[in-house]
Structures are given as C-alpha cells and as structure tokens.
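Just so it is clear, none of the values below were taken in a lab; they were calculated from the coordinates. Predicted, not measured: the structure shown is a model, and the values here were computed from it. Note that each Cβ is placed from the backbone with ideal geometry, even for glycine, and that neighbours are counted across all protein chains shown.
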Amino acid sequence: MRLRLLPREPDFTALFVGLAEHVQRGAERLAEVLASAPPERDRALEALQEAERAADDQVHLVSRRLTSTFSPPFARRDVHALAQALDTCLDEMALAGQLVAAQGPAPLPPAFLDVAPLLVRLAELTRRAMADVDAADRLAEYWVEVNRLENRACALLLRLRSELLDDGDLRRALRLRDVADALQRSAGAFERLAHVVEVIALVDP
C-alpha cells in the first residue's frame with residue numbers, strides 16, 4: 001500500500017527572514033539616499049523602491065500560505081500582524097527616501113546621516129530576530145535594544161528640528177522637517193514591530 005504524504009506546512013520563519021532581508025536591504029539603500037547626491041541618490045532610491053516591491057510580494061505570499069495551513073507557528077492574527085509590521089518599516093523608509101530625493105541636489109544636514117546607521121542597525125537586529133521568531137520568548141534583548149535605538153534616533157531628529165527653526169530659509173526648513181518626520185516614523189515602525197514580537201512572546205510562548 002502506498003503511503004499518502006501529508007501536505008508540507010509552509011516554513012513561516014523562512015518567509016519572515018526573507019521579509020526582514022528586504023527590510024535590511026531597504027535600510028541600507030536609504031542610508032545611500034541620505035548620503036548621496038544625484039544621480040547616485042536616484043539609483044539608490046530605485047533600489048530602495050525595488051526592495052519595497054519585493055517586500056509587498058512577500059507579504060502577499062505570507063497571506064496565501066496562512067490561508068492554506070492548518071498549524072501556523074503562532075496565532076494567525078499575530079502572523080498577519082508581524083508581516084504587516086515588517087512591510088510598514090519598509091514603506092516608511094521608502095517614503096523617507098522619496099522625500100529626500102525631492103529636496104534636490106542640496107546636501108542634507110549632518111544629523112540625517114547620523115540617523116541612517118541607526119536605521120540600518122534596527123534592520124539588522126530585526127533580521128536576526130526573525131530567525132528566532134518561533135521562539136520569541138528568547139528575544140527580550142532584541143526589543144530592549146530596538147527601543148534604545150529608536151529613542152536615540154528620535155533625540156537626534158528632535159535636535160535637528162530645533163536647529164531647522166533657526167534656518168533663514170523657511171521653505172527649505174519645512175521640507176527638511178518632512179524628511180525628519182518620515183525618518184522618525186521609520187524608526188517608530190521598527191519599535192512597533194518589536195512590540196508585535198513581544199506580544200507573540202507573551203501570548204504564544
């Protein structure tokens with residue numbers, strides 16, 4: 001008698017790691033956008049947008065796999081929330097990149113360059129955490145460090161906003177404030193993602 005094999009359950013950890021890799025790639029490209037002038041800035045922005053599109057495709061794949069599996073690694077709502085939170089990190093960074101590109105060839109204030117490595121570090125921590133997300137109760141150090149880095153980014157951007165008010169060019173100051181707001185939302189998205197992971201650790205140990 002031939003044995004009937006059970007359908008293979010999807011590897012959600014691999015899907016989340018793949019998503020996080022797109023997020024890390026996006027953070028690295030955003031750092032290039034912040035540091036570059038046209039046309040290098042435009043090429044980095046296009047690569048950032050490609051990462052965003054790839055992440056969107058990965059989120060759709062997670063949704064499809066979620067509807068076809070009987071035993072996800074944790075609650076379905078948390079699987080969905082985690083995928084959406086990862087995607088939001090990249091969406092916010094892509095918007096920040098677009099706002100930087102809209103500034104034209106003028107160099108950005110140095111504080112923006114100080115924020116870039118913090119976002120890259122947040123993305124690196126996220127990628128590493130996703131490899132262990134099925135054991136989220138062991139990731140306490142991850143969300144503590146994410147909170148610290150997010151606070152650091154917010155402090156830098158708060159100081160930048162106060163400096164922009166002293167700029168004689170009000171129109172440019174307002175445009176740069178939009179960039180600062182987008183970067184702060186990007187850092188905040190990583191903190192909200194870490195909160196999703198923390199909830200998974202508490203509810204689905």
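Among D132, D169, D42, whose mean-square fluctuation peaks in a Gaussian network model of the chain (Cα, cutoff 10 Å)? Between D132, D169, D42, it is D169 that shows the largest mean-square fluctuation.
Going by neighbour counts of Cβ atoms within 10 Å, the residues D166, D178 line up, fewest first, as D166, D178. Using alpha-carbon positions, what is the distance between the centroids of the range 118-186 and the range 29-95, in Å? The distance from the Cα centre of the range 118-186 to that of the range 29-95 comes to 17 Å. Taking other C-beta atoms within 10 Å as the exposure proxy, S162, S71, S36 rank S71, S162, S36 from fewest upward.
Taking each residue as 0.36 nm, the span from L113 to E50 lengthens on full extension beyond its C-alpha to C-alpha distance by 20.5 nm.
Ordered by the number of other Cβ atoms lying within 10 Å of each residue's own Cβ, fewest first, C89, C154 fall into the sequence C154, C89. In the set [x] 0.94; [y] 1.06; [z] 0.98, the label that goes with Rg/Rh (Cα atoms, Kirkwood Rh) computed for this structure is [y]. Against the chain, whose longest principal axis is taken from its Cα atoms, helix 110-130 shows a tilt of about 0°. Helix content alone sets the calculated 222 nm mean residue ellipticity of the chain: runs of n ≥ 4 DSSP H residues at -39500 (n - 2.57) each, divided across all residues, give -27500 deg cm²/dmol. On a 0 to 90° scale, report how tilted helix 140-164 is relative to the longest principal axis of the chain, with both axes built from alpha carbons and the result rounded to the nearest 10. Approximately 20 degrees, to the nearest ten.
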